[in-house]
1. Go through the residues of region 53-71 one by one and say whether even a single one is touching an Asp or Glu at 6+ places or on another chain (Cβ under 9 Å), buried (at least 21 other Cβ atoms within 10 Å of the Cβ) and either charged (D, E, K, R) or under 21 Å from Ala284 (Cα atoms) (or both).
2. Before we move on, is Val5 touching a residue at least 40 places away in the same chain (Cβ under 8 Å), within 29 Å of Ala135 (Cβ to Cβ) and among the aliphatic types (A, V, I, L, M)?
3. Looking at the structure I just gave you, is Ile162 of a type in the set (Val, Ile, Thr), without any contact (Cβ under 8 Å) to a residue 60 or more places away in the chain and under 18 Å from Gly126 (Cβ atoms)?
4. Restrict the check to region 120-141 and report whether at least one residue is within 23 Å of Leu246 (Cβ to Cβ), of a type outside the set (Val, Ile, Thr) and either touching a helix residue (DSSP H, G or I) at 6+ places or on another chain (Cβ under 8 Å) or open to solvent by 10 Å² or more (accessible area, probe 1.4 Å) (or both).
5. Which residues, taken from region 40-56, are of a type outside the set (Ser, Thr, Tyr), at pLDDT 80 or above and either in contact with a helix residue (DSSP H, G or I) (Cβ under 9 Å, 6 or more places away or on another chain) or under 17 Å from Asp272 (Cα atoms) (or both)?
6. Condition first: open to solvent by 20 Å² or more (accessible area, probe 1.4 Å) and at positive phi. Can you find one or more residues in region 144-164 that meet it?
7. Looking at (1) out of contact with any helix residue (DSSP H, G or I) (no Cβ under 7 Å at 6 or more places or on another chain); (2) open to solvent by 10 Å² or more (accessible area, probe 1.4 Å), find the lone condition where Val103 falls short.
8. Among the residues of region 182-209 satisfying the criterion of being touching a helix residue (DSSP H, G or I) at 6+ places or on another chain (Cβ under 8 Å) and crowded, with 16+ Cβ neighbours inside 10 Å, which is farthest from Leu122 (Cα to Cα)?
Amino acid sequence: MYDLVIIGMGPAGLTAAVYAARKKLSTLLVGKQYGGQMAWASGVENYIGFQYITGAELLSKFEDHVKQYPVKRVEAEVVKLTRDNGHFITRTAGGEEFYSRAVIVASGKAPRRLNAPGERELTGRGVSYCAVCDAPLFAGMDVAVVGGGNSALTAAYDLIKIAKQVYVVSLVEWTADPILVDKVKNAPNLTKLVGYETVRIEGNERVTGITLRSLDGRKEEKKIPVQGVFIEIGTVPSTHFVEGLLELNEKGEIKVDCDCSTSVPGAFAAGDVSSIPEKQIIVAAGEGAKAALGAYRYLLNQ
């Protein structure tokens, strides 16, 4: 029986672990991927104290901080969170069960899928959801980026320095921040394809192309030969394991009050998985601290 189980190992979960440990709470940190989306960030320019730092470097600093405290860590996918007799039970895909008096859900978000034919079959064989991770594998190749928001143009910016040709495919006009648009709009090896939907991703053993359909009245299809497809159409909250326990909003995020408390006493949520409006590393870290302090106050009153 732990005082606190923290589900998620991104900036919110890691910060919560430090704050909980400093309050002398017996704490378990459990999650599928250490670092969360922070680990994918090529460069971070808006985390206070660092004018520029890579996501991997910032994660390393977080990890070094957590290691100063007696926080147990289990890397496993959480498949169910339940509550029984006032205690929380966190179950993993491997069948483990962890009991706690309080819980913080900081599981973040996962990449949104296109659900186009060929996508799942070719994931890891030319289809990627992380340009930071995989862009170097496509040096000198032709690639497509699907999406028109910040994540898509950040991926395009990484890829124009590595790939031979980058096609940016979006349903509507780009919605990314102007600073990102300015970085890529004049790249000689970037082709902007607005008003197209992805019909399918081509290939057997590996990606060989992407088939698009125009959204105008002609509905014409065209196949573009590419060796890689980067899907950057946003993310969805990782809340499948709390359905039926915690109240969610229309976006599938966990509803929280200003102290990070949820609809269930003793359960708190922090970071991108919660209903806070801004999804930033520094915001997630602050929310993680708030959640840990909220859990501590809750436990004091039990």
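1. No, because not a single residue in region 53-71 is touching an Asp or Glu at 6+ places or on another chain (Cβ under 9 Å), buried (at least 21 other Cβ atoms within 10 Å of the Cβ) and either charged (D, E, K, R) or under 21 Å from Ala284 (Cα atoms) (or both).
2. On the way: touching a residue at least 40 places away in the same chain (Cβ under 8 Å): yes; within 29 Å of Ala135 (Cβ to Cβ): no; among the aliphatic types (A, V, I, L, M): yes.
Answer is no for this residue.
3. Working: of a type in the set (Val, Ile, Thr): yes; without any contact (Cβ under 8 Å) to a residue 60 or more places away in the chain: yes; under 18 Å from Gly126 (Cβ atoms): yes.
Considered against the rule, which asks whether it is of a type in the set (Val, Ile, Thr), without any contact (Cβ under 8 Å) to a residue 60 or more places away in the chain and under 18 Å from Gly126 (Cβ atoms), Ile162 comes out as yes.
4. From region 120-141, those within 23 Å of Leu246 (Cβ to Cβ) are none; that's our starting set.
Taking every residue of region 120-141 in turn, none turns out to be within 23 Å of Leu246 (Cβ to Cβ), of a type outside the set (Val, Ile, Thr) and either touching a helix residue (DSSP H, G or I) at 6+ places or on another chain (Cβ under 8 Å) or open to solvent by 10 Å² or more (accessible area, probe 1.4 Å) (or both).
5. Hits for region 40-56 are Val44, Asn46, Ile48, Phe50, Ile53, Gly55, Ala56.
6. No, region 144-164 contains no residue that is open to solvent by 20 Å² or more (accessible area, probe 1.4 Å) and at positive phi.
7. (2)
8. Pass one, region 182-209, residues touching a helix residue (DSSP H, G or I) at 6+ places or on another chain (Cβ under 8 Å): 183-184, 187, 189-190.
Right, trim to crowded, with 16+ Cβ neighbours inside 10 Å and you get 183-184, 187, 190.
Values: Lys183: 30, Val184: 27, Ala187: 28, Leu190: 24 Å.
For region 182-209, the residue satisfying everything is Lys183.
The values are calculated or read from the model by the stated rules, or taken from the named source; none is laboratory data. Predicted, not measured: the structure shown is a model, and the values here were computed from it. Backbone-built Cβ (ideal geometry, glycine too); neighbour counts: all protein chains shown. Note: accessible area is taken over every heavy atom of the protein model, side chains too, but ligands, DNA and RNA are not part of it. Shrake-Rupley method; radii C 1.70, N 1.55, O 1.52, S 1.80 Å.
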